[in-house]
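The values are calculated or read from the model by the stated rules, or taken from the named source; none is laboratory data. Keep in mind the model is a prediction, meaning the values are calculated, not measured. No Cβ is skipped: glycine too gets one built from the backbone with ideal geometry, and neighbour counts run over all protein chains shown. Side chains are part of the model used for accessible areas, which takes the heavy atoms of the whole protein and leaves out ligands, DNA and RNA. Shrake-Rupley method; radii C 1.70, N 1.55, O 1.52, S 1.80 Å.
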Amino acid sequence: MAKIELINVTKRFGKLTALKNVNLEIEDKEFFVLFGPAGAGKTTILNNIAGIQIPDEGVIKINGEIVNQIDPANRNVAMVFENYALYPNRTVYDNIASPLRSPKHKKDENYIKGAVTKAAALMKIDMLLDRLPSQLSNGQRQRVALGRALVRDPNVFLMDEPLAHLDAKLRNLMRGELKEMQHNFATTSIYVTHDFMEAMSLADRIAIIDEGEIIQVGISEEIYYMPKNQFVAQLMGDPEINLLSCDLVENGTGFTCLWAAAPDNPIQLPEDEELFSRIRTLENKKVNVGIRPQNVHYSFEPVEGAIEGTVYSFETIGNKSVLTAQVKDAHVRIIAPNGLVLKLDQPVYITFDISRVIVFDADTHEYIGRYDESEVMKLVNEHRGESFTRAGENHG
């Protein structure tokens with residue numbers, strides 16, 4: 001299989017710098033996810049690994065070998081594209097078989113039949129081998145594209161948003177099948193997505209990328225619970241994390257947060273000396289306090305210590321709803337049950353589970369800390385160990 005290394009990789013297109021000094025190390029047989037907004041540089045990384053594009057600066061290694069000047073055909077890399085890229089005039093069988101009939105990887109027809117049958121069975125399309133792509137659903141076409149990439153047993157499997165055109169139900173099904181696929185084929189996989197749930201559910205590790213730069217690399221729990229900055233915190237969550245702009249005032253028991261939208265309702269941060277020691281290094285004591293929607297509580301009756309706002313919006317999203325409360329000029333997102341009966345602009349009283357807050361520097365937007373970070377680190381380290389132990393077991 002293959003270990004992938006990107007060392008100080010920069011790629012430019014005219015005046016646009018698509019990748020800026022990117023450094024990544026992807027372990028052998030790892031399922032590695034590149035996650036970020038559209039235009040962040042995710043596909044450019046895949047193209048440089050595949051050899052479709054060549055870095056302007058830096059080095060790409062596969063299994064310790066520098067491949068910058070090696071043709072794509074000689075890298076043993078398979079790529080699945082967002083648009084499937086199937087041959088419309090060939091059957092499913094011939095589409096899957098096409099890599100094994102190429103001059104580079106040519107095999108005899110008996111070998112091809114066995115390999116195609118195996119790949120088609122894994123992708124659950126073995127009953128469709130005589131059909132043309134025009135006779136398939138989008139989900140079936142995507143399975144054909146995956147089967148074609150897998151059939152020649154590549155060292156590196158690159159997937160560029162392969163589930164983007166599928167409906168939500170089929171995307172959920174295919175996520176599980178992609179993990180099973182990697183379990184069975186033991187291939188180093190690099191997967192591009194801008195879908196938060198795909199990144200969290202599929203990855204052994206995630207790299208957050210924005211504007212051509214790697215912002216943070218880690219397992220999903222690490223990035224979710226301890227995001228490097230506000231951008232990562234906002235990216236990792238649906239609905240998006242709430243950020244409260246606060247002035248911190250030190251008192252006998254620690255720090256009180258004076259939220260700009262509700263300065264008359266001071267919020268006492270839980271005692272945590274490690275977090276407090278970091279806050280004390282700030283010159284102006286201005287922070288943004290992040291709290292996820294599931295950690296905000298609401299009532300339509302007055303509650304002691306609660307902050308009063310009004311109902312700004314209510315959206316039902318699948319098996320949950322998002323209630324947005326307005327407090328002066330600020331909006332606070334809250335997870336609520338479906339079927340809630342309410343009216344816009346009616347009073348709502350909100351409280352925060354302060355033990356779950358994440359604190360960011362208001363000037364730099366960088367992560368300062370969170371309450372009881374040591375306990376969170378124990379959880380992260382346990383999950384990191386489980387993830388890599390499980391990966392080792394899966395891949396033999």
Those residues of segment 87-101 that are of a type outside the set (Asp, Glu) and open to solvent by 30 Å² or more (accessible area, probe 1.4 Å) come to a total of 7
Does residue 287 qualify as being within 30 Å of residue 342 (Cα to Cα) and in contact with a Phe, Trp or Tyr (Cβ under 9 Å, 6 or more places away or on another chain)?
no
For segment 148-169: of the residues being open to solvent by 40 Å² or more (accessible area, probe 1.4 Å) and not in a loop (DSSP other than H, G, I, E, B), which is farthest from residue 39 (Cα to Cα)?
169
So residue 110 ticks every box in (1) under 22 Å from residue 180 (Cβ atoms); (2) in a helix (DSSP H, G or I) but one. Which box is left unticked?
(1)
Hits in segment 9-41 - residues which are among the polar types (S, T, N, Q) and within 26 Å of residue 187 (Cβ to Cβ):
23
Per-region count, segment 363-383, residues farther than 12 Å from residue 229 by Cβ and either of a type in the set (S, T, N, Q) or open to solvent by less than 70 Å² (accessible area, probe 1.4 Å) (or both)
12
Looking only at segment 279-290, which residues are under 14 Å from residue 363 (Cα atoms) and either assigned to a loop (DSSP other than H, G, I, E, B) or open to solvent by 70 Å² or more (accessible area, probe 1.4 Å) (or both)?
281, 282, 283, 284, 285, 286
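Quick one: is residue 69 crowded, with 17+ Cβ neighbours inside 10 Å, more than 22 Å from residue 216 (Cβ to Cβ) and not basic (Lys, Arg)?
For residue 69, the condition - crowded, with 17+ Cβ neighbours inside 10 Å, more than 22 Å from residue 216 (Cβ to Cβ) and not basic (Lys, Arg) - is not met.
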Going residue by residue through segment 14-21, is there one that turns out to be touching a residue at least 40 places away in the same chain (Cβ under 8 Å), closer than 26 Å to residue 153 by Cβ and open to solvent by 40 Å² or more (accessible area, probe 1.4 Å)?
no
Of residues in segment 332-351 being assigned to a loop (DSSP other than H, G, I, E, B) and open to solvent by less than 60 Å² (accessible area, probe 1.4 Å), the one farthest from residue 310 (Cα to Cα)
340
For segment 176-186, state whether one or more residues are surrounded by fewer than 19 Cβ atoms within 10 Å (Cβ to Cβ), in contact with a Lys or Arg (Cβ under 7 Å, 6 or more places away or on another chain), in contact (Cβ under 8 Å) with a residue 24 or more places away in the chain and outside the structural domain of residue 55 (by TED's automatic domain parsing).
no
When you scan segment 26-40, how many residues do you find that are within 14 Å of the chain's Cα centre (by Cα) and open to solvent by 10 Å² or more (accessible area, probe 1.4 Å)?
2
Taking the residues in segment 308-324 that are under 22 Å from residue 355 (Cα atoms) and touching an Asp or Glu at 6+ places or on another chain (Cβ under 9 Å) as candidates, determine which candidate is surrounded by the fewest Cβ atoms within 10 Å (Cβ to Cβ).
322
Hey, does segment 29-43 have a residue that's among the charged types (D, E, K, R) and either within 14 Å of residue 150 (Cα to Cα) or out of contact with any Leu (no Cβ under 6 Å at 6 or more places or on another chain) (or both)?
yes
Kindly indicate whether any position in segment 72-80 is assigned to a helix (DSSP H, G or I), aliphatic (A, V, I, L, M), surrounded by fewer than 16 Cβ atoms within 10 Å (Cβ to Cβ) and more than 22 Å from the chain's Cα centre (by Cα).
yes
Taking the conditions exactly as written (within 16 Å of the chain's Cα centre (by Cα), within 18 Å of residue 81 (Cβ to Cβ) and either modelled with pLDDT under 95 or of a type in the set (Asp, Glu) (or both)), does residue 203 satisfy them or not?
no
Can you name every residue in segment 249-278 that is touching a helix residue (DSSP H, G or I) at 6+ places or on another chain (Cβ under 9 Å), closer than 14 Å to residue 354 by Cα and part of a strand (DSSP E or B)?
254, 255, 257, 267, 268
Just one listed residue, out of 45, 7, is open to solvent by less than 10 Å² (accessible area, probe 1.4 Å) and modelled with pLDDT of 95 or more, and it is 45
When you scan segment 118-140, how many residues do you find that are within 21 Å of residue 88 (Cα to Cα) and either touching a strand residue (DSSP E or B) at 6+ places or on another chain (Cβ under 9 Å) or surrounded by 15 or more Cβ atoms within 10 Å (Cβ to Cβ) (or both)?
13
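For (1) open to solvent by 20 Å² or more (accessible area, probe 1.4 Å); (2) at pLDDT below 90; (3) aliphatic (A, V, I, L, M), each residue gets a yes or a no:
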residue: 232; (1), (2), (3): no, no, yes
residue: 237; (1), (2), (3): no, yes, no
residue: 243; (1), (2), (3): yes, no, yes
residue: 246; (1), (2), (3): no, no, no
residue: 258; (1), (2), (3): yes, no, yes
residue: 263; (1), (2), (3): yes, no, no
residue: 266; (1), (2), (3): yes, no, no
